[in-house]
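Engineer: Okay, here's the structure, questions in a sec.
The values are calculated or read from the model by the stated rules, or taken from the named source; none is laboratory data. Just so it is clear, the structure is predicted and the values come from calculations on it, not from any experiment. Note: ideal-geometry Cβ built from the backbone for every residue, glycine included; neighbour counts use all protein chains shown. The accessibility values were calculated without ligands, DNA or RNA, using every heavy atom of the protein model including side chains. Shrake-Rupley method; radii C 1.70, N 1.55, O 1.52, S 1.80 Å.
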Amino acid sequence: MSLAALFFYLFAGVAVASAFMVIASRNPVHSVLFLILTFVNASGLFILIGAEYIAMLLIVVYVGAVAVLFLFVVMMLDVDFVELRQGFLQYLPVGALVGLVFFAELVLVVGSWTFGEGVTGAVAASSDVSNAVQIGRVLYTDYVYFFQAAGLVLLVAMIGAIVLTLRHKENVKRQSIPVQNARTKAMAIDVVKVPSGKGL
């Protein structure tokens with residue numbers, strides 16, 4: 001067995017096991033941590049096939065942003081997960097049916113998969129340029145508007161998550177910049193005339 005095959009079985013096995021633990025864990029925080037482990041092993045598989053740009057993108061975008069955002073949302077939102085799991089069994093037949101449909105579609109796709117005409121020739125013709133350069137050329141020329149729209153969608157999602165999880169405690173003093181800028185001498189200083197010998 002070659003070293004590449006050994007790493008493939010290692011990354012693939014850990015990715016499948018951690019993906020199963022994402023849906024099998026009772027604690028939602030543990031599920032997100034297993035999801036991060038799945039992304040890391042998937043990026044290892046991408047490196048094995050020579051797609052280093054997609055591997056780093058998976059780490060930076062999904063592990064560094066999306067999975068951490070999920071983790072903060074799960075930890076900050078006070079959701080009663082025990083109450084949500086009470087009606088699990090009544091939705092089990094529908095979930096099993098949907099799962100069977102997805103599995104049948106996956107089998108049909110894998111069974112009928114072939115290379116398109118001219119794909120292998122196009123890959124061989126552009127092999128002198130790295131993956132990052134090829135993806136950058138396509139992403140920032142043909143799909144630049146879609147790329148910017150995706151960035152706006154992620155920005156709105158991040159702001160929405162912050163608004164949902166932001167909570168202000170009443171007994172905590174906070175800095176208010178407009179109030180500080182509007183302060184006058186009368187608001188800042190209270191001059192008290194104390195009689196001699198009596199103190200405050």
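Engineer: Under a crude label model (7 Å from the Cα following the beta-carbon direction), how far is PHE72 from ARG26 in nanometres?
Structural biologist: Inter-label distance under the simple model: 2.9 nm.
Engineer: Given an 8 Å cut-off on Cα distances and at least 6 residues of separation, report the relative contact order of region 8-56 as a percent.
Structural biologist: 38 percent.
Engineer: Which FRET efficiency value, to the nearest 0.05, do you get for TYR53 and LEU166 by plugging their Cβ-Cβ distance into 1/(1 + (r/R0)^6) with R0 = 45 Å?
Structural biologist: With a Förster radius of 45 Å, E is 0.80.
Engineer: Assuming a ≥ b ≥ c are the square roots of the Cα gyration tensor eigenvalues, decide whether region 1-61 counts as rounded (a/c under 1.5), prolate (otherwise, with a/b larger than b/c) or oblate.
Structural biologist: oblate
Engineer: Under a point spin-label approximation (7 Å from Cα along Cα-to-Cβ), what is the ASN181-VAL61 distance to one decimal in nm?
Structural biologist: Inter-label distance under the simple model: 3.8 nm.
Engineer: While we're here: For a quick check of understanding: with a 1.4 angstrom probe and all protein chains in place, what accessible area in square angstrom does MET21 have, to the nearest ten?
Structural biologist: 70
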